[in-house]
Amino acid sequence: MLWDLFLTFFRIGAFTFGGGYAMISVIENICVEKKHWITHEDLVNVTVIAESTPGPVAINCATFVGFKQKGIWGSIAATLGVVLPSFIIIWVISMFLDKFLEIAWVASAFRGIRVAVGLLILDVGIRMAKKMPKEPIRIILLVAALILTVLISVFSWKISTITLLLAAAAISVAVFFVQDRKGKDGEQA
């Protein structure tokens, strides 16, 4: 099982370009749909947690899946698996960096990869939105976050990511307390 965790995440790390968010779609396909190591809800939760904790999202996801399957040794195997391909590729590229970037087809490939990464991230966002509980407050928050993201990008506003995360956390906590209060009031009636 440890070897399977390592190889699975090694393949994910080796053949997915664009970082953690681009990998989430692949992790979902393999770890949720094919191998059933975690549930869709687990993936959504670990993605949210990974976004708010230090470190890359893909590494945090791999560590979570590995730990869920085989404890600490599973988390080490999965984390090493997802990290090693990038480390090896960057190490090899760094030895030939100047010559590597002068190759026209390599430069073109990287421009194409940027488009593909954007589409992968959009795909993950759409999938997560589809699996999200269809409560009005969640839909309002999703649409508001989407609009704010577009406005920040279009107008190049200088807003700290930390500020956005803290605001989202504050809104989520407030919504939780309001819903919790309504639930308790309903039980008392």
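What FRET efficiency, computed as 1/(1 + (r/R0)^6) with R0 = 41 Å and r the Cβ-Cβ distance, is obtained for L97 and V173, rounded to the nearest 0.05? Intermediate results must be reported in sequence, preceding the final value.
On the way: r = 46 Å, r/R0 = 1.11.
Once the sixth-power term is evaluated, E becomes 0.35.
Please identify, among W73, W91, W37, the residue showing maximal mean-square fluctuation in a Gaussian network model of the chain using a 10 angstrom Cα cutoff.
W91
Please give the peptides 158-167, 119-128, 135-144 ranked by average Cβ packing (other Cβ atoms within 10 Å per residue), highest first, as a rough proxy for protection.
Values: 158-167: 10.1, 119-128: 15.8, 135-144: 12.2.
Order by mean packing, descending: 119-128, 135-144, 158-167.
Say each of K158 and L119 gets a label point 7 Å from the Cα, pointing the same way as Cα to Cβ; how far apart are those two points in nm?
Between K158 and L119, the simple spin-label model gives 3.6 nm.
I want to check the label-to-label distance for L7 and I88. Put each point 7 Å from Cα in the C-beta direction and report it in nm to one decimal.
Those two pseudo-labels are separated by 1.4 nm.
Using a Förster distance of 22 angstrom, determine the FRET efficiency expected from the C-beta separation of R138 and F67, and round it to 0.05.
0.20
Output the direction-averaged projected area (hull surface divided by four) of the convex hull of the alpha-carbon atoms of the range 1-142, in nm².
Working: hull surface 38.7 nm².
One quarter of the hull surface, i.e. the mean projection, equals 9.7 nm².
What accessible area per residue comes out for the range 47-189, rounded to a whole number of Å², with a 1.4 Å probe?
Details: 10470 Å² over 143 residues.
I get 73 Å² per residue for the range 47-189.
Where in the chain are the DSSP H helices whose C-alpha atoms run 24 Å or more along the long axis and whose mean Kyte hydropathy is at least -0.5?
Span-like helices, by this rule, are 57-95, 104-131, 136-155, 161-188.
Helix-only mean residue ellipticity at 222 nm, the chain, DSSP H runs n ≥ 4 weighted -39,500 (n - 2.57), per residue, nearest 500. What is it?
My calculation for the chain gives -28500 deg cm²/dmol from helical runs alone.
Run the accessible area of the chain with a 1.4 Å probe and give the carbon-and-sulfur part as a rounded percent.
The value for the chain is 72 percent carbon and sulfur by accessible area.
The values are calculated or read from the model by the stated rules, or taken from the named source; none is laboratory data. On a predicted model such as this, the values are computed, not experimentally measured, just so you know. Note: ideal-geometry Cβ built from the backbone for every residue, glycine included; neighbour counts use all protein chains shown. These accessible areas exclude ligands, DNA and RNA; they are computed on the full protein's heavy atoms, side chains included. Shrake-Rupley method; radii C 1.70, N 1.55, O 1.52, S 1.80 Å.
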